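What follows is a short report on a single structure.
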Amino acid sequence: MRIINTAELTPAITKTLSADTVHHIYNGLDVTVTLEICNELLSQLDNTTRNTYEFSKSLQGPILEMSMRGIKVDQRRKAEVLAKYKAQIKIISEQLNEIIKEGIGLDLNWRSPAQLKKLFYEVLGLPEVKKRNANGVWAATVDRDALEHLDQYMMAEPLCIRLLMLRDLAKKIEFLETKIDPDNRMRCNFNIAGTNTGRLASSASDFGTGRNMQNVDREERAIFIADEGMKFANLDLEQADARNVGAICWNNFVSERGDAFAGSYLSACESGDLHTTTCKLAWPSLAWTGDAKADKGVAEAIAYRQDSYRQLAKKLGHGTNYYGTPRTMAKHTKVPTKQIETFQAAYFKGYPCIQEWHKWVKAELKESSQLTTLFGRRRTFFGRSYEDTTLREAIAYSPQSMTADQIDTGLIRLFKANRVHLLLQVHDSILIQFPEEQEDEILPWAMEQLKVHIPLAKGRDFHVPVDAKVGFNWGEYNEKINPDGLIKWKGSDNRKRTVTTKLSIKGLL
């Protein structure tokens with residue numbers, strides 16, 4: 001083989017070489033330069049970043065297993081769901097076309113953004129909703145946020161409702177029509193370095209099949225089934241982000257501010273029902289009894305539109321933790337701004353450590369632009385420290401990153417033990433399958449692997465509890481519609497697999 005001095009290589013020289021030689025040069029440089037870069041980067045690691053690097057490398061094994069194994073698809077059920085969705089699209093699109101043609105006198109393709117912009121902003125004369133486009137220019141849009149804003153106008157409401165439904169259905173159909181592999185399995189790739197928080201990202205497989213499997217709608221999950229003789233378990237970290245917020249507050253403030261101040265939120269998380277506890281703070285005038293079960297029933301009463309007090313406490317509490325303003329949260333939750341302001345005042349009074357944590361993050365950004373989680377994962381923020389966008393990103397970073405490291409620690413433990421099949425990691429949960437006759441032995445053990453204990457200040461032990469659901473497909477259990485679906489594991493599950501390919505899904509969607 002010819003020896004090439006790549007230090008003297010120029011584009012002009014490569015034009016004189018054969019295609020094979022050019023390919024050999026490219027492959028050689030790809031290997032050697034990558035090694036040079038790797039060695040240079042390794043020399044820059046300190047104790048903190050080296051630990052993160054080694055942890056990321058240890059994920060390669062379980063991720064390769066999940067990517068190679070994939071998950072089996074029930075083709076009969078998939079076909080039924082697709083047929084149902086397509087029938088719904090036909091009905092709704094016909095309704096939309098009739099409204100537009102009869103009411104306005106136009107023929108319109110609902111899939112065309114240009115035609116929708118003309119309909120809403122020229123024909124109906126509604127105020128333009130604008131957003132920065134790919135070129136950074138503010139331009140009129142008819143995306144989801146725009147349609148949700150435009151539906152406040154009486155003439156646009158019936159159009160927006162149907163357009164949103166059609167887009168949702170089209171997205172579901174696109175997923176169900178994703179190309180799968182010849183062995184009837186859907187696979188995806190997981191990217192260890194895909195996010196700034198340490199969360200895994202997923203995409204289509206190397207063979208162009210499959211797609212992001214971490215964002216599958218619950219309605220489509222029932223098409224994925226366990227292999228013959230196997231059973232699914234979905235292992236989930238309960239309220240991981242919220243509990244991590246509590247742990248951060250405890251560690252930061254307990255020495256200076258005391259147990260009651262620093263532990264107000266963590267103790268609520270560990271009470272067993274965070275959202276009902278929050279309801280009591282935000283709505284003290286409700287008929288609370290002091291009995292946990294009865295009080296949960298009180299919290300389930302409808303508070304606003306279709307949301308119960310408990311649901312509102314969950315939504316608004318999560319948004320408030322992550323520095324959501326009343327105005328922004330009102331836009332996403334459809335709860336009046338004034339009501340959110342009242343909620344947040346009570347929330348910060350009941351959990352004073354939350355607001356103090358926000359101030360602490362702001363000070364850290366100003367001083368060093370860096371944050372390090374309780375798992376030792378450090379991140380530098382390059383945005384302007386005084387801007388709310390940077391602050392919100394920094395506030396969300398530590399709890400979300402901790403959740404990622406907690407679930408991935410469990411993933412590595414399960415992989416090393418080699419007792420179950422790893423199928424999917426979905427941010428704060430792991431889907432596995434195991435021989436169904438081993439359920440009573442496997443489940444308690446597997447749940448224990450996900451409990452990552454962290455010693456906090458003043459000797460307080462912290463871990464996020466693990467919940468498990470078991471079944472023969474990935475959908476939620478329903479006695480009539482999906483008897484093979486996932487059901488909460490309470491020590492045993494004596495169900496036997498039904499003939500899923502003959503199940504009817506009528507009423508499921």
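What the table below lists for this structure:
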item	result
Residue match in segment 432-442 (condition: of a type in the set (V, I, T) and assigned to a strand (DSSP E or B))	yes
Single residue of segment 92-113 satisfying the filter (within 31 Å of the chain's Cα centre (by Cα) and part of a helix (DSSP H, G or I)) that is surrounded by the fewest Cβ atoms within 10 Å (Cβ to Cβ)	P113
Residues satisfying the stated conditions in segment 438-496, i.e. in contact with a strand residue (DSSP E or B) (Cβ under 8 Å, 6 or more places away or on another chain), of a type in the set (S, T, N, Q) and within 18 Å of H421 (Cβ to Cβ)	N473
Within segment 321-355, tally of residues that are surrounded by 15 or more Cβ atoms within 10 Å (Cβ to Cβ), among the small types (G, A, S) and part of a helix (DSSP H, G or I)	3
One residue from I71, I63, I25, I89 being surrounded by 15 or more Cβ atoms within 10 Å (Cβ to Cβ) and modelled with pLDDT under 95	I25
Some residue of segment 43-56 being within 23 Å of M213 (Cβ to Cβ), in a helix (DSSP H, G or I), modelled with pLDDT of 95 or more and not assigned by TED's automatic domain parsing to the domain that holds T498	yes
Scan of segment 299-317 for residues that are out of contact with any strand residue (DSSP E or B) (no Cβ under 6 Å at 6 or more places or on another chain), under 17 Å from F348 (Cβ atoms) and hydrophobic (A, V, I, L, M, F, W, C), ordered by number	A313, L316
Selected residue [over 30 Å from A222 (Cα atoms), in contact with a Leu (Cβ under 7 Å, 6 or more places away or on another chain) and not basic (K, R)] from L163, L82, L108, L124	L108
Qualifying residue in segment 393-403 (condition: surrounded by fewer than 21 Cβ atoms within 10 Å (Cβ to Cβ), over 27 Å from S203 (Cβ atoms) and not assigned by TED's automatic domain parsing to the domain that holds A247)	no
Criterion violated by M213 - all others in (1) touching a residue at least 40 places away in the same chain (Cβ under 8 Å); (2) closer than 30 Å to L374 by Cα; (3) touching a Gly at 6+ places or on another chain (Cβ under 7 Å) satisfied	(3)
Unique match (being modelled with pLDDT of 95 or more, outside any helix (DSSP H, G or I) and over 14 Å from T320 (Cα atoms)) among R384, R379	R379
Subset of segment 240-273 [at pLDDT 95 or above and at positive phi]	G258
Boolean, K280 is surrounded by 15 or more Cβ atoms within 10 Å (Cβ to Cβ) and without any contact (Cβ under 8 Å) to a residue 24 or more places away in the chain	yes
Matching residues in segment 202-226 - criterion: being loosely packed, with under 15 Cβ neighbours inside 10 Å and either touching a Phe, Trp or Tyr at 6+ places or on another chain (Cβ under 7 Å) or modelled with pLDDT of 95 or more (or both)	none
Sole exception among (1) in the same structural domain as Q425 (by TED's automatic domain parsing); (2) closer than 21 Å to V361 by Cα for A262, by number	(1)
Criterion (part of a helix (DSSP H, G or I) and under 25 Å from the mean Cα position of the chain (by Cα)) met by exactly one of L64, L35	L64
Counted residues, segment 147-159 - those being over 26 Å from V216 (Cβ atoms) and either surrounded by 18 or more Cβ atoms within 10 Å (Cβ to Cβ) or assigned by TED's automatic domain parsing to the domain that holds R218 (or both)	3
Some residue of segment 479-490 being among the polar types (S, T, N, Q) and either at pLDDT 95 or above or out of contact with any helix residue (DSSP H, G or I) (no Cβ under 6 Å at 6 or more places or on another chain) (or both)	no
Answer from S43, S58 - the residue that is at negative phi, within 32 Å of the chain's Cα centre (by Cα) and not aliphatic (A, V, I, L, M)	S58
Qualifying residue in segment 442-452 (condition: within 30 Å of N252 (Cβ to Cβ) and touching a residue at least 60 places away in the same chain (Cβ under 8 Å))	yes
Any hit, segment 304-320, residues being exposed (fewer than 14 other Cβ atoms within 10 Å of the Cβ) and modelled with pLDDT under 95	yes
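The values are calculated or read from the model by the stated rules, or taken from the named source; none is laboratory data. Just so we're clear, the structure is a prediction, and the values are computed from it rather than from any experiment. Virtual Cβ from ideal backbone geometry, glycine too; neighbours counted across all protein chains shown.
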